[in-house]
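The values are calculated or read from the model by the stated rules, or taken from the named source; none is laboratory data. Because the structure is a prediction, the values reported are computed rather than measured. In this analysis, Cβ positions are derived from the backbone assuming ideal geometry, glycine residues included, and neighbour counts consider all displayed protein chains. Note: accessible area is taken over every heavy atom of the protein model, side chains too, but ligands, DNA and RNA are not part of it. Shrake-Rupley method; radii C 1.70, N 1.55, O 1.52, S 1.80 Å.
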Amino acid sequence: MRAAIARKRAFRVLFRAGRRGVMLFACALLAAVISFSIMAPPTTLYMFSEARRLGGVDRQWVALEEVSPVMIRSIMAAEDADFCRHWGFDIPAIRAALRDGARRGASTISQQMVKNLFLWQGRSWTRKALEGVITPLVEAVWSKRRIMEVYLNVIEFDEGVFGIAAAARHYFQLSPSDLNALQAARLAMVLPAPKHRDAARPTEAQRRRTAAIMEGAATLAADGRAICATS
């Protein structure tokens, strides 16, 4: 009898501690989402680990207004053409990915931004579950322009090269505002495998991918689907 009572008490203590832990995590997450809606994130988990491994990383924050619109459209063409139309998840793309299996990806720019800023690299159900919780929260609090701005500043374009400002300088010795359509498409082409692709020296297959991105970016400019991030 006493043992049963002790177990119940222990369970209640653990339940209360777990509930407090969840509430603290939720409050901390909400505070981070609100803070980063206006503040430039100082770093990410992946940047921090790469900086330790490499002895430093190349990164410079840049406002979205200082990025060439064709660069924004190229990123959308390469990664998420319906970025302006969804609420964080591209349901048709998810259905297609489930149908086609590992041959097709379905992560939106919003999901990738959340993963890079708030979470960690690699595949796990825990990370995907957190991504699924945080993404709609970010979409509810942030504008599409802010999501694109942070995304362009935290993604990796080469080993130790993070953000569009560092990438434009690293590959083309230019500021992001001066990138032309070809340069923008080549930078977008290196995603999502920047350690294995070179925007300055693309292979034949990567040149074809670049041409497809240029065509997609031109289509986005013509049909207005990129307006939420470029106006």
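Observations on the structure shown:
- Failed item in (1) assigned to a helix (DSSP H, G or I); (2) of a type outside the set (Phe, Trp, Tyr); (3) more than 23 Å from Leu174 (Cα to Cα); (4) touching a residue at least 40 places away in the same chain (Cβ under 8 Å), with Ile72 passing the rest: (3)
- Some residue of the stretch 163-171 being among the small types (Gly, Ala, Ser) and not in a helix (DSSP H, G or I): yes
- Only one entry in Val62, Val67 is in contact with a Leu (Cβ under 7 Å, 6 or more places away or on another chain), open to solvent by less than 70 Å² (accessible area, probe 1.4 Å), under 20 Å from Trp142 (Cα atoms) and modelled with pLDDT of 95 or more, namely Val67.
- Members of the stretch 82-96 found to be more than 14 Å from the chain's Cα centre (by Cα), in a loop (DSSP other than H, G, I, E, B) and either under 13 Å from Ile227 (Cα atoms) or not hydrophobic (A, V, I, L, M, F, W, C) (or both), listed by number: Asp82, Cys84, Arg85, His86, Asp90
- The sole residue among Ala221, Ala226, Ala181 that is open to solvent by 50 Å² or more (accessible area, probe 1.4 Å), under 20 Å from Cys84 (Cβ atoms) and either among the aliphatic types (A, V, I, L, M) or under 18 Å from the mean Cα position of the chain (by Cα) (or both) is Ala221.
- Residues in the stretch 97-124 that are at pLDDT 75 or above, in a loop (DSSP other than H, G, I, E, B) and at negative phi: Ser107, Thr108, Leu119, Trp120, Gln121, Arg123, Ser124.
- Considering residues of the stretch 122-162 that are more than 14 Å from the chain's Cα centre (by Cα) and of a type in the set (Asp, Glu) only, the residue surrounded by the most Cβ atoms within 10 Å (Cβ to Cβ): Asp158
- Residue count, the stretch 146-200 (criterion: without any contact (Cβ under 8 Å) to a residue 40 or more places away in the chain and at positive phi): 1
- You will find that of Pro194, Pro202, the residue that is open to solvent by less than 70 Å² (accessible area, probe 1.4 Å), of a type outside the set (Gly, Ala, Ser), in a loop (DSSP other than H, G, I, E, B) and at pLDDT 95 or above is Pro202 and no other.
- Residue within the stretch 39-53 that is farther than 22 Å from Thr135 by Cβ, of a type in the set (A, V, I, L, M, F, W, C), under 18 Å from the mean Cα position of the chain (by Cα) and crowded, with 18+ Cβ neighbours inside 10 Å present: no
- Pairs where the first residue, in the stretch 203-223, is without any contact (Cβ under 8 Å) to a residue 60 or more places away in the chain and the second is open to solvent by 70 Å² or more (accessible area, probe 1.4 Å) and among the charged types (D, E, K, R), C-beta under 8 Å, 6+ apart: Gln206/Arg197
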